[in-house]
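The values are calculated or read from the model by the stated rules, or taken from the named source; none is laboratory data. Given the structure is predicted, the values throughout are model-derived calculations rather than measurements. As a convention, Cβ positions derive from the backbone with ideal geometry for all residues, glycine included, and neighbour counts pool all protein chains shown.
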Amino acid sequence: MKKTRFGIRRRRDEVIRDLKETTLSLGLVGEKYGVTRQAMSQFVKRERIKRPPKPRGERGHRVDPCPICQRILQISKTPRSEFISSDTIKGKLGKKLRPFQYQFHLSVLRAKRLVPPRFARIHSKKVEKAYAIYFRKSLPVCEIGRKTGLKNFASIISGHRESGWDVPPPLFVYRGKERGRIVKAAQQRKLRRRGGTGLR
Ligand SMILES: [Zn+2]
């Protein structure tokens, strides 16, 4: 027993990382370092480690034999899966699945860090559609926004970029003349709108 305790002390940093960054049970973490659950529990107290919260029901759910988890994993591994909306993901899982079931399996996968952190964070079909056009067609961002009914698509993109999304630059290249034409057209639209609602 003394030898193994010395083991977790020697590998202290590694043990602390496992405890702080995973939601694995103390028993399982202990198993990895060859100590009992009780020894791990004492270690947590002694080192004053705050463990990440576990989503309800996650304990005991096994991802490998679960067809829903497996299907979600499969979707998350397709290219640019972060730009698929939650509605589309639910649709791919079948109509019988209830929303809370979807949430449950997704939260298990998130807690176990099996899906990318930004997967299934888009909840608007319009945003999903706009990104699909953005990746495929060489069109100005404002025009994509208009086609999909999103006035603020440009600010949605910059918001996503700021929070760490990997949004590639647009296929559309703003050349001198074209740029001037687009800016002018946008100004005219603005003026028309103002004209319609009265000057503020
Ligand atoms: Zn599952």
| said: For segment 106-124, check the following and say yes or no: at least one residue is among the basic types (Lys, Arg), more than 16 Å from the ligand (Cβ to nearest atom) and under 18 Å from the mean Cα position of the chain (by Cα). | reply: yes
| request: Kindly check whether there is at least one residue in segment 165-173 that is out of contact with any Cys (no Cβ under 8 Å at 6 or more places or on another chain), surrounded by 13 or more Cβ atoms within 10 Å (Cβ to Cβ) and more than 18 Å from Glu82 (Cβ to Cβ). | output: yes
| remark: Note on Met40: of the conditions (1) crowded, with 16+ Cβ neighbours inside 10 Å; (2) at pLDDT below 95; (3) within 16 Å of the ligand (Cβ to nearest atom), unmet is (3)
| query | Which number in (1) within 27 Å of Ala130 (Cα to Cα); (2) touching a Lys or Arg at 6+ places or on another chain (Cβ under 7 Å); (3) within 15 Å of the ligand (Cβ to nearest atom) marks the one condition that Ile72 misses? | reply | (2)
| field | segment 71-92 residues that are part of a loop (DSSP other than H, G, I, E, B), paired with ones that are of a type in the set (S, T, N, Q) (beta carbon under 7 Å, 6 or more apart) | value | Ser85/Ser124
| Among (1) assigned by TED's automatic domain parsing to the domain that holds Cys66; (2) away from the ligand (no atom under 16 Å from the Cβ); (3) not hydroxyl-bearing (Ser, Thr, Tyr) - the single one Phe100 does not satisfy | (2)
| said: Looking for something surrounded by 12 or more Cβ atoms within 10 Å (Cβ to Cβ) and either touching a residue at least 60 places away in the same chain (Cβ under 8 Å) or of a type in the set (A, V, I, L, M, F, W, C) (or both) - is there at least one such residue anywhere in segment 155-162? | reply: yes
| task | Could you tell me whether Leu26 is crowded, with 16+ Cβ neighbours inside 10 Å, modelled with pLDDT of 90 or more and not polar (S, T, N, Q)? | result | no
| remark: Note on segment 137-154: residues within 19 Å of Ile84 (Cα to Cα), in contact (Cβ under 8 Å) with a residue 24 or more places away in the chain and out of contact with any helix residue (DSSP H, G or I) (no Cβ under 6 Å at 6 or more places or on another chain) are Lys137
